[in-house]
Amino acid sequence: MDEKFMTMAIGEAKKALGKKEVPIGAVIVKDNEIIAKAHNLRETSKNAISHAEILAIRDACSFLGRWRLTGCTIYVTIEPCPMCAGAILQSRIKRVVIGAMDAKSGACGSVINLLNNPGFNHQTEIETGVLEKECSQLIGDFFKSLREK
């Protein structure tokens with residue numbers, strides 16, 4: 001089931017790529033049904049917080065009519081940054097499934113792990129490496145093309 005939903009997140013990342021955005025996609029699932037999906041829109045919206053995870057969390061809260069996303073899983077193509085990891089914690093998402101890790105700014109185990117810090121009142125389950133090759137290649141090709149320009 002994780003691969004199915006990660007494939008959907010990759011589809012969202014490809015939408016971002018089509019808009020010349022960093023290709024990151026997120027999908028939120030509750031009871032095996034997608035309740036929200038989004039992709040990065042920072043360049044399009046000219047807004048620093050328009051990350052895929054933030055936009056998907058906003059839409060999931062709206063869909064459920066509450067801020068607590070208990071029982072939900074978020075699928076994200078690239079490891080969330082500190083801002084997004086904080087939003088995942090604050091929204092009480094139960095589980096995060098990550099495609100590829102981010103050794104430069106990841107906050108779910110690479111640089112730091114905010115999701116399992118015992119000092120917080122909520123911890124989130126983490127699963128990594130789901131369709132890792134596809135997720136890593138998508139973002140790697142994007143940054144390679146930028147360097148070649």
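The values are calculated or read from the model by the stated rules, or taken from the named source; none is laboratory data. If you're wondering where the values come from, they're calculated on a predicted model, not measured in any experiment. As a convention, Cβ positions derive from the backbone with ideal geometry for all residues, glycine included, and neighbour counts pool all protein chains shown. For the accessible areas, the whole protein counts, side chains as well, though only heavy atoms, and no ligand, DNA or RNA atoms are used. Shrake-Rupley method; radii C 1.70, N 1.55, O 1.52, S 1.80 Å.
Based on the Cβ-Cβ distance of residue 111 and residue 68, what FRET efficiency does E = 1/(1 + (r/R0)^6) give at R0 = 25 Å, to the nearest 0.05? Computed FRET efficiency for residue 111 and residue 68 comes out at 0.40.
Rounded, prolate or oblate, given the Cα gyration tensor of segment 44-96, with a/c below 1.5 counting as rounded?
Details: a/c = 1.92, a/b = 1.30, b/c = 1.48.
Oblate shape, in that a/c is at least 1.5 and b/c is the bigger or equal ratio.
Based on C-alpha pairs under 8 angstrom that are at least 6 apart in sequence, segment 62-149 has a relative contact order of 27 percent. Listed values for segment 121-135 are Karplus-derived 3J(HN,Hα) couplings in whole Hz (6.51 cos²θ - 1.76 cosθ + 1.60, θ = phi - 60°), namely 7, 9, 10, 10, 5, 10, 10, 10, x, 7, 6, 4, 4, 5, 5, and x replaces Gly and Pro. Dipole check for segment 10-133: with +1 at the C-beta of Lys and Arg, -1 at the C-beta of Asp and Glu, and the Cα centre as origin, the magnitude is about 320 Debye. Considering only 61, 89, 27, and ranking their Cα positions along the charge dipole of the chain that arises from unit charges at the beta-carbon of Lys, Arg, Asp and Glu, the one farthest toward the positive end is 61. Working ranking of peptides 120-129, 49-58, 32-41 by packing, defined as the average number of other Cβ atoms within 10 Å per residue, highest first, is 49-58, 32-41, 120-129.
Set the Förster radius R0 to 41 Å, insert the Cβ-Cβ distance between residue 94 and residue 145 as r into 1/(1 + (r/R0)^6), and round the FRET efficiency to 0.05. My answer for the efficiency is 0.70.
The listed peptides 90-100, 69-79, ordered by packing as a protection proxy, come out as 69-79, 90-100 (highest mean of other Cβ atoms within 10 Å first). Figure note: 59, 31 ranked by solvent-accessible area, largest first, 1.4 Å probe, ligands and nucleic acids not counted: 31, 59.
Greater than 29 Å separation of Cα atoms is the criterion. Which listed pairs, 37/149; 94/133; 20/104; 46/144; 37/144; 4/46, meet it? Among 37/149; 94/133; 20/104; 46/144; 37/144; 4/46, the Cα-Cα distance tops 29 Å for 37/149; 4/46. With respect to the chain, whose longest principal axis is taken over its alpha-carbon atoms, helix 2-18 is tilted by about 50°.
Assign one of three labels to segment 10-149, namely rounded, prolate or oblate, based on the Cα gyration tensor with a ≥ b ≥ c the square roots of its eigenvalues; rounded applies when a/c is under 1.5, prolate when it is not and a/b is larger than b/c, and oblate otherwise. Prolate. Angle of helix 52-64 to the longest C-alpha principal axis of the chain, folded into 0 to 90 degrees and rounded to 10: 40°. Between amide H atoms placed 1.01 Å from N, distances below 5 Å from residue 78 occur with 25, 99, 100, all of them 5 or more places distant or on a separate chain.
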